[in-house]
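This report refers to the structure that appears directly beneath it.
The values are calculated or read from the model by the stated rules, or taken from the named source; none is laboratory data. None of the values given here were measured: they were computed from a predicted structure. For neighbour counting, all protein chains shown are included, and Cβ atoms are generated from backbone atoms with ideal geometry for every residue, glycine included. Note: areas computed on protein heavy atoms with side chains; ligands, DNA, RNA excluded. Shrake-Rupley method; radii C 1.70, N 1.55, O 1.52, S 1.80 Å.
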Amino acid sequence: ETPSTQSVSKFALRIKIESKTYEDSLKQYDGLLKTGQIKSSAFTNGSISGTRYDGRFNSDIRGIAVVIKMRDRTLTLRTDADVFKEDFEKLLQTINFNQ
């Protein structure tokens, strides 16, 4: 699955936990970064940090994705439309887990 090629229904929140390294999870966004479809920035919430991506993930999805290293796994939180942005921003501030 690559974020730029799969056409999907839009959701206010997608949560994905993968058995991938953080670095491998970030690599899937490299093509979108190079073409300027998305922009990346640092994400922090207390002791939790990761990478945030804003922009167009495919022809149907324009939103935000946050990728966080979670022990030996990777957590990705995503919203699929700008209309959900305000609620997604509030949700990001509530993230907490035992590391």
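Which order do you get for 14, 73 if you rank them by accessible area with a 1.4 Å probe, largest at the top?
Values: 14 65, 73 95 Å².
Descending accessible area places them as 73, 14.
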| remark: When the chain is treated as a Gaussian network with springs between alpha carbons less than 10 Å apart, the largest mean-square fluctuation among 34, 85, 69 is found at 34
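Looking at the P(r) of the chain, how many percent of alpha-carbon pairs lie beyond 15 Å? Walk me through the numbers before you get to the answer.
Working: 2878 of 4851 pairs.
Every Cα pair in the chain considered, those over 15 Å come to 59 percent.
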| remark: Carbon and sulfur atoms account, in whole percent of the 1.4 Å probe accessible area of the stretch 1-86, for 49 percent
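Provide the per residue accessible area, probe 1.4 Å, for the stretch 13-99, rounded to a whole number of square angstrom.
Numbers: 4990 Å² over 87 residues.
Dividing the accessible area of the stretch 13-99 by its residue count gives 57 Å².
Taking the Cα centre of the stretch 17-85 as origin, work out the dipole magnitude from +1 charges on Lys and Arg Cβ and -1 charges on Asp and Glu Cβ, in debye rounded to 20.
120 debye
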